[in-house]
Amino acid sequence: MVQFSPEADDIELLHRADGGDSAAFHALVDRHAQRLYRLAVSLIGNAADAEDVLQETFIGAFRGLRSFEARSSVKTWLTRILVTQAAQWRRNQLGRGKQRRVAEPMNDSIAAAAGSPDAAMDVQAALGRLSPEHREVLALREFERMSYEEIAEVLDVPRGTVESRLHRARSEMREKLKDYLP
Amino acid sequence: MAVCPFNEQISAFHDGEVDHARRAEIEQHLRDCLSCAAELDRLQAMSRLLMAAPAARLSQIGLHRLHRRMDQAMEEGLLRFVRVFNAVAACVLVAGSAWLLMQTREVRTVETTPAAPPWVDVASDSSTGAYSTPAAAWYLADDTSRTTDEAP
């Protein structure tokens, strides 16, 4: 596989992929896979389905290469596709009558990172109990460190909506995690 | 207990999403308002907690599966293009063949129509079958009974 220099930016890779350069698309996948997978797990709640959603995200991106307009960054564009795919996955689950809990047991490394296994599991469970809208906005802000403008673009809502959703999501999380907060 | 009017702005302040002037105003307010200062502490603690927790990582096998799936998608895309191209080519071929067939039939029709010399003004009366000009009647009559002397 062709190696791209770190300087080669996302837009360049995207244009090369659009021109039929499959190695450029693979490089784009390598750059964004981990970040998007982490977000997918936050939104979906289990690793297997998150991986499926991630695959659908990149397939959607590949098919929509020509529709990319450089008004937003590639990161925002890919995140928007992922959020759409996650919403589609939720609709499919509801259609099949499944309503899974979004929390799943964590591995030891995650538990250790959160300070204690209890804290890690409670955080994940609290996130899983939020409404999809609140979970999305909280994950994009806290895990992706996106600005309000970027979140508004990803979710296709006004900036004011992002602010109010985030405020409500945090209030809800604070209530659920009050044992861990000052 | 009344909620402080600054309360809803603490979230944006925590995220660095307020302009410079507003930031200075909120900072001033935080020195005096214990409730908002406590709210900011809770937001910072929650961010730390969330940042620490969900560190899910895609395994190397998962990444490999993802790349393989992308290769499949690219091949499918190429196959779809080839199928569309073949379909268009087939349509062009059928339409072209039909057009050529129609052209050939038109040529045959023209070839089988009895031609009169251009100097004969052939105009027949369709109801009687009689030719309207003497020249036409003479030319199209049985040539065994025709002599040049009779030419009009």
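Bear in mind that the values in this text are calculations on the coordinates, not laboratory data. On a predicted model such as this, the values are computed, not experimentally measured, just so you know. Every residue, glycine among them, receives a Cβ derived from its backbone with ideal geometry; neighbour counts consider all protein chains shown.
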### Task
Arrange A:HIS167, B:HIS64, B:HIS20 by Cβ neighbour counts within 10 Å, fewest through most, would you?
B:HIS20, B:HIS64, A:HIS167
### Query
Roughly how many nanometres apart are two label points built 7 Å out from the Cα toward the Cβ at B:MET102 and B:GLU75?
4.3
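If I take every Cα pair under 8 Å that is 6 or more residues apart in region B:3-111, average their sequence separation and divide by the length, what percent do I get for the relative contact order? Could the numbers behind the result be given before it?
Values: 21 pairs, mean separation 22.3, N = 109.
Reported relative contact order: 20 percent.
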### Task
Take A:TRP89, B:TRP99, B:TRP138, A:TRP77 and order them by how many other Cβ atoms sit within 10 Å, fewest up front.
B:TRP99, B:TRP138, A:TRP89, A:TRP77
### Query
Roughly how many nanometres apart are two label points built 7 Å out from the Cα toward the Cβ at A:SER73 and B:CYS4?
3.2
